[in-house]
Amino acid sequence: VQLQASGGGLVQAGGSLSLSCSGSGPMFTTYPLAWLRQAPGKEREFVAVIGRTGQKTYYVDSVKGRFTVSRDNAKTTMNLQMNTLKPEDTAIYYCAIKTRASDWPGTVDDFGSWGQGTLVTVSS
């Protein structure tokens, strides 16, 4: 499966951005998907995970109530609506697919097929 994230940009603190992940291949509709991010000098971390059907979601505590993940399997896309952005949200955002079986939601190492990320910069 090939994944491609898009929609990043520069936004002021308190603003909103919507990221999109487009995929190809039959695996896209079969496995959980995730948004992850990596800030300069930091390790890659989960942002959100969404189950195969979209009914189950997981968010890291720092984005709960501000970010919403969704997917459209018919269009093989996944979105991340980011509201009330903070400077600490600045990072390269990646989408990935779960490639290793594990308990929900899994770990960063359980996800692969990283697409090219998209840069989100939040100014204070």
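Kindly indicate the residue of region 91-107 that is open to solvent by 40 Å² or more (accessible area, probe 1.4 Å) and not aromatic (Phe, Trp, Tyr) and also nearest to the chain's Cα centre (by Cα) among those meeting that condition.
Filtering first and then ranking leaves Ile92.
Can you tell me which residues in region 55-64 are surrounded by 15 or more Cβ atoms within 10 Å (Cβ to Cβ) and more than 17 Å from Ala91 (Cα to Cα)?
Thr57, Tyr58
Any residue that is in contact with a Cys (Cβ under 7 Å, 6 or more places away or on another chain) and either under 19 Å from Thr121 (Cβ atoms) or assigned to a strand (DSSP E or B) (or both) - is there at least one of those in region 97-104?
Checked against the condition, which is being in contact with a Cys (Cβ under 7 Å, 6 or more places away or on another chain) and either under 19 Å from Thr121 (Cβ atoms) or assigned to a strand (DSSP E or B) (or both), region 97-104 yields no hits at all.
Please pick out the residue among Phe46, Phe28, Phe67 that is under 28 Å from Ser123 (Cβ atoms), buried (at least 16 other Cβ atoms within 10 Å of the Cβ), of a type outside the set (Val, Ile, Thr) and modelled with pLDDT under 95.
Selected residue: Phe46, the only one of Phe46, Phe28, Phe67 that is under 28 Å from Ser123 (Cβ atoms), buried (at least 16 other Cβ atoms within 10 Å of the Cβ), of a type outside the set (Val, Ile, Thr) and modelled with pLDDT under 95.
Tell me, please, whether a residue that is of a type in the set (A, V, I, L, M), in contact (Cβ under 8 Å) with a residue 12 or more places away in the chain and more than 16 Å from Cys21 (Cβ to Cβ) can be found in region 82-100.
Yes, region 82-100 contains at least one residue that is of a type in the set (A, V, I, L, M), in contact (Cβ under 8 Å) with a residue 12 or more places away in the chain and more than 16 Å from Cys21 (Cβ to Cβ).
Please state which one of Ser20, Ser16 is farther than 14 Å from Ile92 by Cβ, of a type outside the set (Lys, Arg) and open to solvent by 50 Å² or more (accessible area, probe 1.4 Å).
After ruling out the rest, the residue left standing is Ser16.
The values are calculated or read from the model by the stated rules, or taken from the named source; none is laboratory data. Keep in mind that this is a model prediction, so the values were computed, not measured. Neighbour counts run over all protein chains shown; Cβ positions are idealised from the backbone, glycine included. These accessible areas exclude ligands, DNA and RNA; they are computed on the full protein's heavy atoms, side chains included. Shrake-Rupley method; radii C 1.70, N 1.55, O 1.52, S 1.80 Å.
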